[in-house]
Structure formats: C-alpha cells, structure tokens
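The values are calculated or read from the model by the stated rules, or taken from the named source; none is laboratory data. This structure is a prediction, so every number in the text was calculated from the model and none was measured. Neighbour counts run over all protein chains shown; Cβ positions are idealised from the backbone, glycine included. Protein only, heavy atoms only, side chains kept; ligands, DNA and RNA dropped before computing areas. Shrake-Rupley method; radii C 1.70, N 1.55, O 1.52, S 1.80 Å.
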Amino acid sequence: MTTGGVLGTGASALLAFQRAMATVGHNVANVATPGYSRQRVELQARPGQSSNISVGQGVDVSSLRRLADGLVYARQLDSAGEMGRLTQLSGMASRVDKLISGTTTGLSNAWSSFFSAAKGVVADPTSTAARSQMLTTGGQLAARWRQLDGNLVQLGNDVESSLKDNIASANQLAAEIANLNRDIIAAGVDASPDLLDQRELRIGQLAALVGAETVRQDDGALNVFTPGGQPMVLGAKAMQLSVAADPYQANRGVLALQTPAGSVPLPLGSVSGAIGGLLEFRTTILDPARAELGRLAIAFAQTFNALQRDGVDYAGHPGADFFTLPDPQVFPHAGNAPASTASFTTQVADVGALTGNNLVLRFDGASWSASRADTGQAVTMTGTGTGADPFVVDGIALVLSGTAAAGDRFLLQPTAGASAGMQLALTAPEQIAAASPMTVGLDAGNIGSVSGGTASVTNAALFAGFTSATISFIDASTYTVDGGPPVAYTPGAAITGPGWSLVLSGTPAAGDDITLGRTGPRSSDNANARRLAAVDGQAVLDGGRTDVTAALSQLTARVGGDARHAQLNLDAQQAIDEQVLAERESVSGVNLDEEAANMLRFQQAYQAAAQVIATADTMFQSLLGAVRR
C-alpha cells in the first residue's frame, strides 16, 4: 500500500467513526424524546483495486439505519387504540356507577325514607305530621329522580363535548401525518429517520383517538385507516371527521366523515380509541341506564297513582294522582317528506310490558311497523292508530294524527325522558288517600267465609253520588246489588257498581248479605294506606314478575358490573400495552449503558484512525527527506 493509500484509509476511518460518534450522541440526546427510535450507522469496507495482492482502501458509511420493528409497531397501534377506548369506557362507566349507587346521588335513601313515611301514615292515618312527612319525602323522592336523570344527561353532554375535542385533535393529527407523508415522499430513500419517527409518533397518537391500521405505499407514505376501514390519511391527503346532528334529535351528535358530497354518518364500531370508547359508553351504558331509570319511575308513579285513586282522602273525596310524569316522546326523522303532517300522542298502556328500548316506527305507504333502534329487530305492533284502537307496542299506546308519507320514520323513546319530568302532584297532606272508599259490613247471619274485602274507586265522577249498597248472594255463584238483576260471580273477581269495585276476601254462601257504606271525612281507616306502603314490593314490571325495589337493585348491579368489567378489561390491556412497550424499547429504545460503550469503542477507533493518518504523514515526510538527500 502506498503512502497515499494509507492516508486515504485513515481519513475514511476518521470520517466514518466521527459520523458514528455523532449518531451515538444523537441517540443519547434523544433518550427522553417520545417516539424516538435508536439509530445506527452501517459501515462498509472499501474494496481494494484488482491486483495479485488486493488491500482494502478503508471504510464508508453505507447507511444510517433506524432500528424499528414493523410487527411490534402494528401491535403498538392496536394496543393504543384499545387503551384509548377502554380508558374512556372505564372512566365514564365508573361515573355512572357512582351516581346510581352513591348514597347522596342515588335513589336508595330517598326511596327508603318515602316508604318509611308511608308506614307512618299506616300507623296513624289521622296524624297531620305523618301525612306531611309522607308528602315531603314524596317530593324529595321525585326530586332525587329528576336530579339523577339530570346528572346522567350532564354525562351525555360531557360525552358530546369530549367527542368534539377529540375529533378536532384527530383531524389535526391526520393533517400532520399527511404533511409528513408529503415530506417523506419528496425525500425518497434519503428521508430522515427523525422524520419517520415523527410520523409514527403522530400515527400512534391518532390510534389512541380513533384506532389505526397502516398500509405502506411504494413511495414511502403510510396510509392510515380506522379499524372499521374508514380512511383517515391517504398519501398526502387527510380526511376529516366531524360531529353531525342526529336525524331524530338535533341536539345529539353522531360521528361522521366529511366527504365532497357532505357528511356521511359512521356506524358504531367503525372507530376505536377514545372516540370509539365515548360512543360505546353512550350507546351501551348511558342510554340504557337512563331508559331503565325512566322505566322504574313510570312503574312506581303509575302504580302508586292507581292505588291513590282507589282510596279516599281525609275529606272523604276520591284520591288524586300523587305524582305526575311526562308522556313518552316521539321524534320525527329529519328526512321525512316535507308534506308529511303525521304526529303521535302517546301514553303508557301497560307498565308490565315496558322494555325501555328505543323504537323506530316506519310507514311504507300502506302500513306501520316497529323495530328496535339499536339492533333493527322487528317488534310486534298492534292496533290501527286511532283513538278507539291505538297502536300498541312494548306497552306504549300511540294515536296517529295527520297524514304520513311513504318512507316516514319516527323515533319512540318510551321511558328515557320520564324521570326528568317526575313531579309531586299533591299540595296538601290531607289529599293522601289513606282510607278505603267504602266500609264493608257483614250480616250476622252470613254462613260463608267472607271476612271483608278490598274496595276501590273506579270512576271518581260516578262515585260522587254513592252513599250505600247491599250485595245479596242468591248462591255462591250469583249475586244482586240493591235488588237488581242477578250477576254471575267468580271467586276472586271484582264486584262492580257505579264508580266502585270490591274484591271479597273469602268465599260467600247462599243468603249472605254484605252492606257497603261510603267512608266519611276524617276517617281513621288505613286500608288504602297499607296498599300504598306496600307498593315497593308489588311486582308490576316484566309482566308482573319484578317489583320496583328489585328492579332498582338490578339497575345498580348492572351499572356496577359494567364499570367493573370495563376496569378489568382496562387492567388487562394495560398489561398488554406495557409488554408491547417493552418489546419496542428492546428494539428501538436508547440504552445509555450501550451507547456509552459504543461511544468509547468509536472514540478509540477514531483515535486509532488519527494515528494511521499520523503514521502516513511520518512516512511521507521520510520519503520527502530521502528525495532531498
């Protein structure tokens, strides 16, 4: 090797190890930089010239390598999307659980206080203090129902606000990724590893919001899609998400994708991440909880009101409703025909048939049909929609007015808004109908086993003229009222008169007489109060299988279970995420001990290269000296 060859070899080594030390320094400087991937120079020997004895010509830096694993990165994106989704789902579900199960925010304390006060009226139906306490606790129970529903509505508003904020962040990240794609395409094979890191960091952040899957293009760009296949970034072009108005409820937002043709609503499950978690929480936890809360309010209030109307108050008047509730809500679709004038009036027809599921009512031009809003499953609907024969679906009666056009759709919310409008209707403690409307007198000569009966007011206007009545049994299966025509009797069936009904306790016999009298003012009778105080255990829901107290416990258990399930899933995903992060760090993370060792090694090599140059210089000076002599 000539002197020039030695000098060239030393110079190439000097430059190569200088670059290597600079790369090590860059790694150390970015040890705490989020998303940074460790870099390494790849060295390549310079081949010597062809000869019998070929000696190498030094070293070159062949490339600057970015240490990253594509499979690990894909797993990292999957984990980021799930972490974003489960973090939102768990946090929001926990808030619902605390609201419903909390002693200060839930219904349990107000519920217990009201029925304790009702038992106080049973104990002393003439006590103004006991009646006042029942009225006060009734107002507090209605207020607690409204407040709890209001808290759930506020959670829904929080979801709306978070959706808008997260969508704005996702759109910003998509735009930044598109810009980085453009820069990487322009740089080609010389694209900086730091530029690739910035792009992957932003894709990871986008994955935490909407989930992300990537597809690499030949020009180096990464296309980004949501788990549902919706494009977020295509090359240097970014798509935009938005919040569009729900076609049934304009104040409720739905996720949409902006296209040249306008906003296209995206189905649930099309995105993951924080946005997907918010949408999943609203659909699977918040909406059902609010609907169930309303279903329980309807069941309780309607049952209590019916019993209140069965009795008479302290003035001897038929009882009036204790609580008031709004009717079920119906919302027209924004796309209904402009000429359509169809609308519905609603009422609860059968508490036991209530499910709380939102329903979509459709008119095909000839007939109406109903289906669940969440699943699309068909639901049986009977009737013709007239006042005499209303539509009946899931316990709700609907009367149609106006003219519908083919394709018209309406959203029926049977129970979701009920709690918000629950109010105490009575204004004075004397209005509590604690007494039975009639006294039941048994003739001393009766030979049957009748011991009394449960009387009810069925029509307050007709009952206003009632003073007394005598029921005479011709035989065990036939009776007359005040000497009127014979009426067939079935044990357990109600005996009815103008504005009243009576269900006997026991079995009558031929010749038995029962005398009914009207309960007067200031009665100490507590027969109806006993029925009112037992409403908490009366099975009125689910076809008469479940009482409201049990249903409240089931609601509390369900939202608690949802919260625990979400937290367990989050804990499991956290462990997976930590494992994926550890795998990335093992490949791409900066190890300061390793970098220190590399720095020392390259420094020694750099010094050795400098010594080679010094040796070449000495050889050259010796050659010059020999020539001068």
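For PHE281, all conditions in the list (1) of a type outside the set (Lys, Arg); (2) touching a residue at least 12 places away in the same chain (Cβ under 8 Å); (3) more than 16 Å from GLY156 (Cα to Cα) hold save one; what is the number of the exception?
(3)
Among ALA557, ALA494, ALA533, which is the only one that is in contact with a Lys or Arg (Cβ under 6 Å, 6 or more places away or on another chain) and under 30 Å from ASP394 (Cα atoms)?
ALA533
Which residue pairs have Cβ atoms under 9 Å apart, sit 6 or more places apart or on different chains, and have a first residue in region 532-544 that is over 19 Å from PRO125 (Cα atoms) and a second that is in a loop (DSSP other than H, G, I, E, B) and open to solvent by less than 30 Å² (accessible area, probe 1.4 Å)?
Correct list of pairs: LEU541/LEU354; ASP542/LEU354.
So ALA238 clears everything in (1) of a type in the set (A, V, I, L, M, F, W, C); (2) open to solvent by less than 10 Å² (accessible area, probe 1.4 Å); (3) closer than 30 Å to LEU201 by Cβ except one condition, right? Which one?
Result: ALA238 fails condition (2) only.
Of LEU296, LEU278, which residue is surrounded by 21 or more Cβ atoms within 10 Å (Cβ to Cβ), more than 16 Å from the chain's Cα centre (by Cα) and within 20 Å of GLY561 (Cα to Cα)?
LEU296
Quick test for you: out of ALA175, ALA170, pick the one residue that is under 30 Å from LEU570 (Cα atoms) and surrounded by fewer than 19 Cβ atoms within 10 Å (Cβ to Cβ).
Answer to the check: ALA175.
So, in region 374-408, of the ones that are of a type in the set (S, T, N, Q) and open to solvent by 70 Å² or more (accessible area, probe 1.4 Å), which residue ends up nearest to ASP542 (Cα to Cα)?
Per the criteria, the residue is THR380.
Just checking, which of PRO498, PRO491 is without any contact (Cβ under 8 Å) to a residue 40 or more places away in the chain and touching a helix residue (DSSP H, G or I) at 6+ places or on another chain (Cβ under 7 Å)?
Going through PRO498, PRO491 in turn, just one is without any contact (Cβ under 8 Å) to a residue 40 or more places away in the chain and touching a helix residue (DSSP H, G or I) at 6+ places or on another chain (Cβ under 7 Å): PRO498.
Mind checking which residues of region 94-151 are small (Gly, Ala, Ser) and open to solvent by 50 Å² or more (accessible area, probe 1.4 Å)?
Correct list: SER101, SER108, SER112, SER113, SER116, ALA123, ALA129.
Please go through region 598-629 and pick out each residue that is of a type outside the set (A, V, I, L, M), open to solvent by less than 40 Å² (accessible area, probe 1.4 Å) and more than 30 Å from ASN27 (Cβ to Cβ).
Within region 598-629, GLY625 is the sole residue that qualifies.
Could you check region 507-566 and list, in sequence order, the residues that are within 30 Å of GLY484 (Cα to Cα) and among the aliphatic types (A, V, I, L, M)?
ALA509, ALA510, ILE514, LEU516, ALA527
So which strands (runs of 3 or more DSSP E) are wholly in region 419-495 and hold at least 2 residues that are open to solvent by less than 40 Å² (accessible area, probe 1.4 Å), out of contact with any Phe, Trp or Tyr (no Cβ under 8 Å at 6 or more places or on another chain) and at pLDDT below 95?
Where strands (runs of 3 or more DSSP E) fall fully within region 419-495 and carry at least 2 residues being open to solvent by less than 40 Å² (accessible area, probe 1.4 Å), out of contact with any Phe, Trp or Tyr (no Cβ under 8 Å at 6 or more places or on another chain) and at pLDDT below 95, they are 452-457.
Results for (1) among the aliphatic types (A, V, I, L, M); (2) touching a residue at least 24 places away in the same chain (Cβ under 8 Å), shown as yes or no for each residue.
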| position | (1), (2) |
| --- | --- |
| ALA29 | yes, no |
| ALA32 | yes, no |
| GLN39 | no, yes |
| GLY58 | no, yes |
| GLY70 | no, no |
| ARG85 | no, yes |
| SER101 | no, yes |
| TRP111 | no, yes |
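Is there a residue being outside any loop (DSSP other than H, G, I, E, B), under 30 Å from SER523 (Cβ atoms), in contact with a helix residue (DSSP H, G or I) (Cβ under 6 Å, 6 or more places away or on another chain) and not aliphatic (A, V, I, L, M) anywhere in region 316-328?
Yes: region 316-328 contains one or more residues that are outside any loop (DSSP other than H, G, I, E, B), under 30 Å from SER523 (Cβ atoms), in contact with a helix residue (DSSP H, G or I) (Cβ under 6 Å, 6 or more places away or on another chain) and not aliphatic (A, V, I, L, M).
Those residues that are touching a strand residue (DSSP E or B) at 6+ places or on another chain (Cβ under 7 Å), at pLDDT 90 or above and over 22 Å from ARG85 (Cα atoms), I need them from region 247-291; list them, please.
Residues satisfying the conditions are TYR248, GLN249.
Go through region 355-406 residue by residue and tally those that are within 21 Å of the chain's Cα centre (by Cα) and either over 25 Å from ASP287 (Cβ atoms) or not polar (S, T, N, Q) (or both).
Here the count works out to 7.
Which one of these is touching an Asp or Glu at 6+ places or on another chain (Cβ under 9 Å) and small (Gly, Ala, Ser): ALA110, ALA32, ALA22, ALA80?
ALA80
Could you grab the pairs with beta carbons closer than 7 Å, sequence gap of 6+ or different chains, first residue in region 410-425 and farther than 25 Å from SER369 by Cβ, second one surrounded by fewer than 24 Cβ atoms within 10 Å (Cβ to Cβ) and at pLDDT below 95?
From residues that are farther than 25 Å from SER369 by Cβ, there are no pairs.
Restricting attention to region 505-524, does a residue exist that is open to solvent by less than 40 Å² (accessible area, probe 1.4 Å), within 17 Å of ALA289 (Cα to Cα) and either out of contact with any helix residue (DSSP H, G or I) (no Cβ under 7 Å at 6 or more places or on another chain) or part of a strand (DSSP E or B) (or both)?
No, every residue in region 505-524 fails to be open to solvent by less than 40 Å² (accessible area, probe 1.4 Å), within 17 Å of ALA289 (Cα to Cα) and either out of contact with any helix residue (DSSP H, G or I) (no Cβ under 7 Å at 6 or more places or on another chain) or part of a strand (DSSP E or B) (or both).
Just one of the numbered conditions (1) surrounded by 14 or more Cβ atoms within 10 Å (Cβ to Cβ); (2) within 28 Å of the chain's Cα centre (by Cα); (3) assigned to a loop (DSSP other than H, G, I, E, B) is not true of LEU411; which one?
(3)
So which residues in region 201-237 are of a type in the set (Val, Ile, Thr) and either within 18 Å of ASN166 (Cβ to Cβ) or part of a loop (DSSP other than H, G, I, E, B) (or both)?
The answer is ILE203, VAL210, VAL224, THR226, VAL233.
Contact list please: Cβ distance under 6 Å, first residue in region 550-579 and closer than 30 Å to VAL535 by Cα, second residue hydroxyl-bearing (Ser, Thr, Tyr) and not in a helix (DSSP H, G or I), pairs at least six apart or on different chains.
If the second residue must be hydroxyl-bearing (Ser, Thr, Tyr) and not in a helix (DSSP H, G or I), no pairs are left.
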